[in-house]
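Where a number appears in this text, it was derived from the coordinates with a stated rule and is not lab data. The structure presented is a predicted model; accordingly, all values stated were derived computationally and were not measured. No Cβ is skipped: glycine too gets one built from the backbone with ideal geometry, and neighbour counts run over all protein chains shown.
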């Protein structure tokens, strides 16, 4: 029977209605992405002149803006944030119409020189190297109120270019959803005399095992209890730390395994959104994690109108199916 679940980390509600997955036309699979046209790929090695000058790179040889790199960071060519963003003209009714300058930074991290669409198409070592650069760039913007690191894969999930890349937004404000999570971590610590919400959640999930997909020495991969979308995954470190950018394991290899499990089960790497949730400014209690949301179903009037998601694959079923496949 359908049930309403509350995500313990976000407070968001999801209707889990697994029976709807059996209705006509409701099968969930992924079609392979079209091959990338390397000649028109601005992120391909040898096309460094097609991007803004790099601000950071890991390279085996060569100088800045030349071939020989393994991960490369450039400013976004069409930035949503700018350190020089002007202050908007003030409106006569600030209580109704408020606006501030969109100051901050917006970077692109090219995860590999390979012209592939997904992190799952890379070797695990390359994903680990890319994650190290994500961390390095997040540290570079440590003075921001919040740093949001994300990966969009495929146009259906918002990627304007198919070559695998991450984006970093250094914001001068804490987004409302992140602030809400900060408050939930703080309230939980108060109720439990200092307990960590994510650490305790992971411990309980490992004990139960029903939503665990895989575990390694660094991290735990699971289908979240309140998953909003089918086959949603969450990666959490085995030793909780407030910030992803702090020293310690990144969980990149288990993340890579999880993406390959999705690919094996669905027939191809699905369109997806992935982001790193790290501690915002002012968070006394927090723990980083990585959220992975495959885009196998459409957001419709319920989700967009209420913020309540409808998930037709129970997290328990998703975890079981992903446990049983061989990553490929």
- [ ] Please give the contour-minus-distance gain from residue 155 to residue 239: 0.36 nm per residue of separation, less the Cα-Cα distance, rounded to one decimal in nm.
- [x] 26.8 nm
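Rounded, prolate or oblate for segment 171-284? Axes are the square roots of the Cα gyration tensor eigenvalues, ordered a ≥ b ≥ c, and the cut-off for rounded is a/c under 1.5. Each step should come with its number before you reach the end.
On the way: a/c = 1.77, a/b = 1.47, b/c = 1.21.
Verdict is prolate for segment 171-284.
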TODO: Using a/c under 1.5 as the rounded threshold, could you call segment 98-159 rounded, prolate or oblate? The axes a ≥ b ≥ c are square roots of the C-alpha gyration tensor eigenvalues, and prolate needs a/b larger than b/c, oblate otherwise.
DONE: oblate
Task: Share, in percent, of DSSP beta bridges within the chain that are antiparallel, nearest 5 - done: 95
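Going highest first, how would you order 82-93, 296-307, 266-277, 227-238 by mean Cβ packing within 10 Å? Display every interim value, and only then the final one.
Working: 82-93: 9.9, 296-307: 11.5, 266-277: 21.1, 227-238: 24.3.
The peptides rank, most packed first, as 227-238, 266-277, 296-307, 82-93.
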Task: Separation in nanometres of the label points that stand 7 Å from Cα toward Cβ, at residue 139 and residue 209 - done: 3.9
TODO: Subtracting the Cα-Cα distance from 0.36 nm times the residue separation, let me have the gained length for residue 323 to residue 268 in nm, one decimal.
DONE: 18.1 nm
TODO: Report the extension gain between residue 303 and residue 183 in nm, rounded to one decimal, defined as 0.36 nm multiplied by the number of residues separating them, less their alpha carbon distance.
DONE: 40.9 nm
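Counting only helical runs of four or more DSSP H residues, what would the 222 nm mean residue ellipticity of the chain come to if each run contributes -39,500 (n - 2.57) and the total is spread over all its residues?
Numbers: 6 runs with 76 residues, N = 328.
Helices in the chain give a 222 nm mean residue ellipticity of -7500 deg cm²/dmol.
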TODO: With a Förster radius of 25 Å, plug the Cβ-Cβ distance of residue 60 and residue 37 into 1/(1 + (r/R0)^6) and report the FRET value to the nearest 0.05.
DONE: 0.45
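Take the Cβ-Cβ distance between residue 216 and residue 85 as r, set R0 to 45 Å, and report the resulting FRET efficiency rounded to the nearest 0.05. If you can, show how the numbers build up before the last one.
Values: r = 42 Å, r/R0 = 0.93.
So, using R0 = 45 Å, E works out to roughly 0.60.
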Open item on the list: Using Cα-Cα distances under 8 Å and only pairs 6 or more residues apart, what relative contact order does segment 182-328 have, in percent?
Closed with: 31
